[in-house]
Amino acid sequence: MSDQLRGPDAGSAAPYDALLLLSFGGPEGPDDVVPFLENVTRGRGIPRERLKEVGQHYFGFGGVSPINEQNRELLAALRKDFAEHGLDLPVYWGNRNWAPYLTDTVREMARDGRRRIAVLATSAYASYSGCRQYRENLADALATLAEEGLEPPRVDKLRHYFNHPGFVEPMIEGVLDALASLPEGVRDGAHLAFTTHSIPTAAADTSGPAQDHTANGEGGAYVKQHLDVARLIAAEVAARTGREHPWELVYQSRSGAPHIPWLEPDICDHLESLHGAGAPAVVMVPIGFVSDHMEVLYDLDTEATAKAAELGLPVARSATVGANPVFAGAVRELVLERAAEERGEPAEECWVGMLGASHHVCPVGCCPSRAPRPAAAGVDSPYA
């Protein structure tokens, strides 16, 4: 796979004059937890006392989510990679739910004279919450600027990068490291549990462009893309170790009402099933997450690891890509690829697996929301 990490040579990012790192955000102290959760759940009518209960996950870590610090590290990695490859493109950072807030960052970019912005969201796959909702947030920010009398810049969201080799390769290395950390007697028979965020089956079925939509809980593009990445990693691990490890795609971090169907099986239920079937060990592989944020630290490192200990099942967790320099290089390649596309020039699209490169511009009907709202960076965007 390393031979496929070459991508476009460093060159001009025109027409882009900035990159925006767009993420979820998280609290950075105990006093931030409930206000942060109020931002996340705004409009759902969840009582403050219930939010305090939910916030116990954060309070157990001092009220600090690691996601902001990890985004600072990724920001530094991107700037370092761009500088080393002669790419003169400033990088900004904005969040949906905590400081630095997206609208504030876009306002800063507009006042700095940035007119054409490429956007990297810290979500690699197609889904409403992982793509369309970020595009709606961008549209809200641009509308606010227009109301304030500022000319909104044009924003273009970079394509889904779930199968970019620079995203997949660090995860392969992470699995190899996790396997090596297991006791030698159980290592060769370890199962791989590829984990991602559970979402309602209705949202999964309508993920991606309309041609990828499914019915009856089949999962649409969201499940298809994760399965493709899981197959890639499992096959490459087998090629490098000489041993095939059984694997399955499972889910974590469900947060919805019990009567609404969500993607299953849950990671803890899966661990119980594997233990009952005699699996000697498990490596949990969080392929659905870009960094080791709270849902990885709590749901996997705390809750699932405790379940494994209760079962007497040896378990290890592989690393996410985070600020890995290989991933930073992949972002540079994605920027240059999109820039060449926008200039009408040939662009080498880097991808591995069976699904090919994702679309550059989200079509109408892609990852629809229940209540239609304007979204930037799409065919039907009011800010084209």
Checklist entry - Does at least one position in the stretch 259-275 carry a residue that is at pLDDT 95 or above, part of a loop (DSSP other than H, G, I, E, B), surrounded by 19 or more Cβ atoms within 10 Å (Cβ to Cβ) and over 22 Å from the mean Cα position of the chain (by Cα)? => result no
Checklist entry - Residue check: is A178 farther than 16 Å from H160 by Cβ, in contact (Cβ under 8 Å) with a residue 60 or more places away in the chain and in contact with a Ser or Thr (Cβ under 9 Å, 6 or more places away or on another chain)? => result yes
Checklist entry - What about L300, is it within 26 Å of S255 (Cβ to Cβ) and in a helix (DSSP H, G or I)? => result yes
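Conditions (1) within 27 Å of W262 (Cβ to Cβ); (2) free of Cβ contacts under 8 Å to residues at least 60 places away in the same chain, marked per residue:
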| site | (1), (2) |
| --- | --- |
| S127 | yes, no |
| L145 | no, yes |
| L158 | no, no |
| V168 | yes, no |
| R187 | no, no |
| I199 | yes, no |
Checklist entry - Which one of these does A357 not meet: (1) open to solvent by 50 Å² or more (accessible area, probe 1.4 Å); (2) at pLDDT 95 or above? => result (1)
Checklist entry - Does L142 satisfy being open to solvent by less than 10 Å² (accessible area, probe 1.4 Å) and in contact with a Leu (Cβ under 9 Å, 6 or more places away or on another chain)? => result no
Checklist outcome for this item: The number of residues in the stretch 216-232 that are open to solvent by 30 Å² or more (accessible area, probe 1.4 Å), within 16 Å of C367 (Cβ to Cβ) and either free of Cβ contacts under 8 Å to residues at least 24 places away in the same chain or β-branched (V, I, T) (or both) is 1
Checklist entry - Of the residues that sit in the stretch 14-33 and are surrounded by fewer than 18 Cβ atoms within 10 Å (Cβ to Cβ) and over 22 Å from L142 (Cα atoms), which one is nearest to the chain's Cα centre (by Cα)? => result G29
Next on the checklist: Tally up the residues in the stretch 317-332 that are open to solvent by 10 Å² or more (accessible area, probe 1.4 Å) and either outside any helix (DSSP H, G or I) or among the acidic types (D, E) (or both), please.
Outcome noted: 6
Next on the checklist: Being out of contact with any Lys or Arg (no Cβ under 6 Å at 6 or more places or on another chain), of a type in the set (K, R) and under 22 Å from R332 (Cβ atoms): is that true of K80 here?
Outcome noted: yes
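Residues are listed down the side, and each one gets a yes or a no for (1) among the aliphatic types (A, V, I, L, M); (2) out of contact with any Phe, Trp or Tyr (no Cβ under 8 Å at 6 or more places or on another chain):
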| residue | (1), (2) |
| --- | --- |
| E49 | no, yes |
| N68 | no, no |
| E73 | no, yes |
| A76 | yes, yes |
Checklist entry - What are the pairs, 6+ residues apart or on separate chains, where a residue within the stretch 240-260 that is on the phi < 0 side of the Ramachandran plot has its Cβ under 6 Å from a residue that is crowded, with 21+ Cβ neighbours inside 10 Å and part of a loop (DSSP other than H, G, I, E, B)? => result H245/A190; Y251/S198; Y251/L263; R254/S198
Next on the checklist: Just to be sure I understand, how many residues within the stretch 134-150 are touching a helix residue (DSSP H, G or I) at 6+ places or on another chain (Cβ under 7 Å) and part of a loop (DSSP other than H, G, I, E, B)?
Outcome noted: 1
Item to check | Residue list for the stretch 177-211, filter: open to solvent by 40 Å² or more (accessible area, probe 1.4 Å) and out of contact with any strand residue (DSSP E or B) (no Cβ under 8 Å at 6 or more places or on another chain) | outcome: D177, A180, P183, E184, G185, R187, D188, A202, T206, A210, Q211
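The values are calculated or read from the model by the stated rules, or taken from the named source; none is laboratory data. All values reported here derive from a predicted model rather than from experimental measurement. Cβ: placed from backbone, ideal geometry, glycine included. Neighbour counts: every protein chain shown. With ligands, DNA and RNA removed, areas are computed over all heavy atoms of the protein, side chains included. Shrake-Rupley method; radii C 1.70, N 1.55, O 1.52, S 1.80 Å.
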